[in-house]
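This report concerns only the one structure given below.
Coordinate-derived values only; no laboratory data. These numbers were taken from a predicted model, which means no experiment stands behind them. Cβ atoms come from the backbone with ideal geometry, glycine included; neighbour counts cover every protein chain shown.
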Amino acid sequence: MLRVGSRAPLRNLLKNSSPLLPVVLLLFATNARAQQDPSARYAAPEAGKPLCTLQIHVTGFRNEKGKAGGTVFATPDGWPENNSKALVHGGFPIDGNQATEEFQIPPGKYAVAVIHDENGNHKLDRNFLGIPKEGFGFANNPKVLFSAPPFQTAAIQVSCPLTQIEIHLIYKLGR
């Protein structure tokens, strides 16, 4: 019998329990995993709202190292680099000097940022002056001087069934 607060090893728990306990635990773990989205690529739809496909074509890669990363924000909060405040984000492979990714999101207005994560560390690397060492870009391809454009400048309207955008990468430093 397992007491509350007991530190009995899991094998003792399984040995002294019903033979169905491992099956129940496996089913519970599988079901819990299925409801999560470990790649964080799909937003949960609001009741009664369809999901639309946002297809992002990224061009202008200087090499095929690493991956492309895309982030979609529903609000200016966290824009453009705080992935924990993004609606969805994910990485996708580079093919030649382009990459394409799709996100399933509700219709609405969103700002989109992409990076060329050459070293695979899941962030935009910068030099000691704060200048990006890797490629980056935004929806609507705004001119970027010293900082990211405002949320509204990189915002697009996503409609169903499909919205396609093209983002051309910007490299501030050569390699």
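Structure notes:
- Subtracting the Cα-Cα distance of Cys160 and Asn97 from 0.36 nm times their residue separation leaves 19.9 nm of extension gain.
- In this calculation the C-beta distance from Asn121 to Lys49 is compared with R0 = 45 Å, giving a FRET efficiency of 0.85.
- Span from the region 118-175 Cα centroid across to the region 93-112 one, whole angstrom: 12 Å
- Spin-label model distance (nm) - Thr59 vs Lys143, 7 Å beyond Cα toward Cβ: 2.0 nm
- Sorting the segments 50-62, 126-138 by their residues' average number of neighbouring beta-carbon atoms within 10 angstrom, most packed first, yields 50-62, 126-138.
- Sequence-separation-based contact order of region 52-168, relative, with Cα cut under 8 Å and 6+ spacing, percent: 36 percent
- Extension gain, Glu81 to Tyr171, is 30.7 nm, computed as 0.36 nm per intervening residue step minus the present C-alpha separation.
- Debye, to nearest 20: dipole size of region 52-168, +1 on Lys, Arg Cβ, -1 on Asp, Glu Cβ: 260 debye
- ³J(HN,Hα) computed for each position of region 54-65 - Karplus, 6.51 cos²θ - 1.76 cosθ + 1.60, integer Hz, glycine/proline x: 9, 9, 10, 9, 10, 10, x, 5, 7, 7, 9, 5
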